[in-house]
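Take a look at the structure set out below.
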Amino acid sequence: MTRIPDPTINAVLPLELDNVSYDVGASRIIDGLSTVIGPGSRTIILGANGAGKSVMLRLCHGLIRPTAGAVRWHGADSGQAQRHQAMVFQRPVLLRRSAAANIAYALSLRGVRGAERRRRTAEALEWAGLTALAARPARVLSGGEQQRLALARTWALRPEVLFLDEPSASLDPAATHAIESAIAAIVTDGTKIIMTTHDLGQARRLADDILFLHDGQLIEHAAADTFFAGPQRPEAHAFLDGRLWINPATEN
Amino acid sequence: MADIYEAFLAAFRLILSFDRDLAEIILLSLKVSGIAVLLAALIGLPLGGAVALFRFPGRGALTILLNGLMGLPPVVVGLLVYLILSRAGPLGVLNLLFTPTAMIIAQCVLVTPIVAALSRQVIEDLWTDYEEQLRSLGVTPVRAIGTLIVDGRYSLLTAVLAGFGRAIAEVGAVMIVGGNIDHVTRVMTTAISLETMKGNLSIALGLGIILILLSLSINSAVYVIKDVSQRRLG
């Protein structure tokens, strides 16, 4: 296969967040977050609803700019960082055209043309098991098929880093399984996964590396095994035990 | 009551006879308004998209202006185009006054703000749904406008139809810049106006009924096309 990126050459990784904060109005969504995310397979951003996971992902991907601090890519090609990233959203946004045309569109934005584009489109559809639905309007596919198409679209772009924002949050177990298998396949191709979830089971199944967010702050950054064996902080303990943890400050 | 009955009879007779003069008037109406709306769409859709997507100083004012210009009085547009195209005007050398081209220009001026203002709203709403995904894929703003026009085509078609309805129905602008010259610049609305002034109310009403039927059939045709393709393409 020609599409496997060489894992020894990191075009953009590692990714550094340097004291990043993000405010919406008067409220602080992300609070002084610093970390380095290096190559290696799957980093899962874990935390309760409202912990700031999605915002952190958007800051990393460059969809929003931090209010304070900086997001830096340290690889050789970091000036072109955008070209090496892709993102799958919780609710996929598919264009009002056929499944195949949705993939072809993404490729055309990256400057892939003609026969090469057709070949890579067909390849991506086959990879996602969507070849039979190639000509079907993307908007009439089922939720699971739409998310697989969104994954196929990003797979076709061969990103070095793939961000996923709760990609299976609104899917049934069978569709979730299909998405998780697709993510596993993307990992074996050498793509770095950075994914948010509030689903503990999913985090256990997928994570190599855990970033635990609570209330906009990065509480723990640890290898998955270490984190699940015994987290350092009471907030993380509570989350793993399924207890609600409410900060004393925000309680009243 | 008798008048209206007479009018329907006259309309019926007009449609049945369908003489060359009538055909000429209908065709010119369709041609002038059709081309005007086509041009207005070519200008108005990208303009609406640009106002929706780009952030620039005066954007709010431009939005208000576009919305306000939707209600431009046709006679005023006719007058302005008349002044520009008249012999002493800046474009007088083109000798366009009292030609179908002048009528197309006037109607285009009238319709472009309608298409632009309505499509700005449609495209801005779409952009809120699409922005993150498209920016993630690395879209340029210009490319995004094209993509949103294609994806919003069904709603935008309604905006264009609204413009066509305005163009085919207006009389003020085409009367002033066209002059209602028989066999040259006479269209449905100016003919109705003329027949009314001559006291031929039944013929005027007959023409009016044909105009309404025409407008209805165009809208139905577009509706059917839209419906079929929407079911096919989702």
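(1) more than 26 Å from residue A:64 (Cα to Cα); (2) within 9 Å of another protein chain (Cβ to nearest Cβ); (3) crowded, with 18+ Cβ neighbours inside 10 Å: which one isn't true of residue A:92, the others all being true?
Going through (1) more than 26 Å from residue A:64 (Cα to Cα); (2) within 9 Å of another protein chain (Cβ to nearest Cβ); (3) crowded, with 18+ Cβ neighbours inside 10 Å one by one, residue A:92 breaks only (1).
Yes/no matrix, rows are residues, columns are (1) modelled with pLDDT of 95 or more; (2) more than 12 Å from chain B (Cβ to nearest Cβ); (3) within 20 Å of residue A:89 (Cβ to Cβ):
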position	(1), (2), (3)
A:107	yes, no, yes
A:113	no, yes, no
A:129	no, yes, no
A:149	yes, yes, yes
A:158	no, yes, yes
A:169	no, yes, yes
A:181	no, yes, yes
A:187	no, yes, yes
A:190	no, yes, no
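Being buried (at least 17 other Cβ atoms within 10 Å of the Cβ), assigned to a strand (DSSP E or B) and not hydrophobic (A, V, I, L, M, F, W, C) is the requirement here; does residue A:235 meet it?
So residue A:235 does not fit the description; no.
Among B:112, B:128, B:140, B:147, which is the only one that is touching a residue at least 12 places away in the same chain (Cβ under 8 Å), within 14 Å of chain A (Cβ to nearest Cβ) and under 30 Å from residue A:95 (Cβ atoms)?
Of B:112, B:128, B:140, B:147, the one residue that is touching a residue at least 12 places away in the same chain (Cβ under 8 Å), within 14 Å of chain A (Cβ to nearest Cβ) and under 30 Å from residue A:95 (Cβ atoms) is B:147.
Of (1) part of a helix (DSSP H, G or I); (2) of a type in the set (A, V, I, L, M, F, W, C); (3) within 11 Å of chain B (Cβ to nearest Cβ), residue A:135 satisfies all except one. Which?
Condition not satisfied by residue A:135: (1).
Note down all Cβ pairs under 6 Å where the first residue falls in the stretch A:99-126 and is over 20 Å from residue A:82 (Cα atoms) and touching a residue at least 24 places away in the same chain (Cβ under 8 Å), the second is of a type in the set (A, V, I, L, M) and assigned to a loop (DSSP other than H, G, I, E, B), and they're at least six residues apart or on different chains.
A:99/A:130; A:99/A:134; A:100/A:134; A:125/A:134
Give the number of residues within the stretch B:184-204 that are assigned to a helix (DSSP H, G or I) and either over 29 Å from residue B:158 (Cβ atoms) or free of Cβ contacts under 8 Å to residues at least 24 places away in the same chain (or both).
So the answer is 12.
Quick one: count up the residues across the stretch B:126-154 that are surrounded by 21 or more Cβ atoms within 10 Å (Cβ to Cβ) and more than 31 Å from the chain's Cα centre (by Cα).
Summing the residues that are surrounded by 21 or more Cβ atoms within 10 Å (Cβ to Cβ) and more than 31 Å from the chain's Cα centre (by Cα) in the stretch B:126-154 gives 4.
Listed here are the residues, each with its yes/no results for (1) within 22 Å of residue B:187 (Cα to Cα); (2) more than 27 Å from the chain's Cα centre (by Cα); (3) not small (Gly, Ala, Ser).
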{"residue": "B:5", "(1), (2), (3)": "no, yes, yes"}
{"residue": "B:14", "(1), (2), (3)": "yes, no, yes"}
{"residue": "B:18", "(1), (2), (3)": "yes, no, yes"}
{"residue": "B:22", "(1), (2), (3)": "yes, no, yes"}
{"residue": "B:30", "(1), (2), (3)": "yes, no, yes"}
{"residue": "B:33", "(1), (2), (3)": "yes, no, no"}
{"residue": "B:37", "(1), (2), (3)": "yes, no, yes"}
{"residue": "B:40", "(1), (2), (3)": "yes, no, no"}
{"residue": "B:43", "(1), (2), (3)": "no, no, yes"}
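Could you pull out the residue among B:27, B:80 that is touching a residue at least 24 places away in the same chain (Cβ under 8 Å) and part of a helix (DSSP H, G or I)?
B:80
Being within 14 Å of chain A (Cβ to nearest Cβ), of a type outside the set (Lys, Arg), closer than 23 Å to residue B:106 by Cα and surrounded by fewer than 21 Cβ atoms within 10 Å (Cβ to Cβ): is that true of residue B:161 here? So that I can check it myself, show each step before the final result.
On the way: within 14 Å of chain A (Cβ to nearest Cβ): no; of a type outside the set (Lys, Arg): yes; closer than 23 Å to residue B:106 by Cα: yes; surrounded by fewer than 21 Cβ atoms within 10 Å (Cβ to Cβ): yes.
In short, no.
Can you confirm whether residue B:181 is surrounded by fewer than 22 Cβ atoms within 10 Å (Cβ to Cβ) and outside any helix (DSSP H, G or I)?
Details: surrounded by fewer than 22 Cβ atoms within 10 Å (Cβ to Cβ): yes; outside any helix (DSSP H, G or I): yes.
The answer is yes for residue B:181.
Tell me which residues, restricted to the stretch A:65-87, are at the interface with chain B (Cβ under 9 Å from one of its Cβ atoms) and in contact (Cβ under 8 Å) with a residue 24 or more places away in the chain.
Of everything in the stretch A:65-87, those that are at the interface with chain B (Cβ under 9 Å from one of its Cβ atoms) and in contact (Cβ under 8 Å) with a residue 24 or more places away in the chain turn out to be A:83, A:85, A:86, A:87.
Given the criterion among the charged types (D, E, K, R), farther than 17 Å from residue A:164 by Cβ, in a loop (DSSP other than H, G, I, E, B) and modelled with pLDDT of 90 or more, identify the matching residue among A:3, A:65.
Result of the check over A:3, A:65: A:65.
The values are calculated or read from the model by the stated rules, or taken from the named source; none is laboratory data. Just so we're clear, the structure is a prediction, and the values are computed from it rather than from any experiment. Note that each Cβ is placed from the backbone with ideal geometry, even for glycine, and that neighbours are counted across all protein chains shown.
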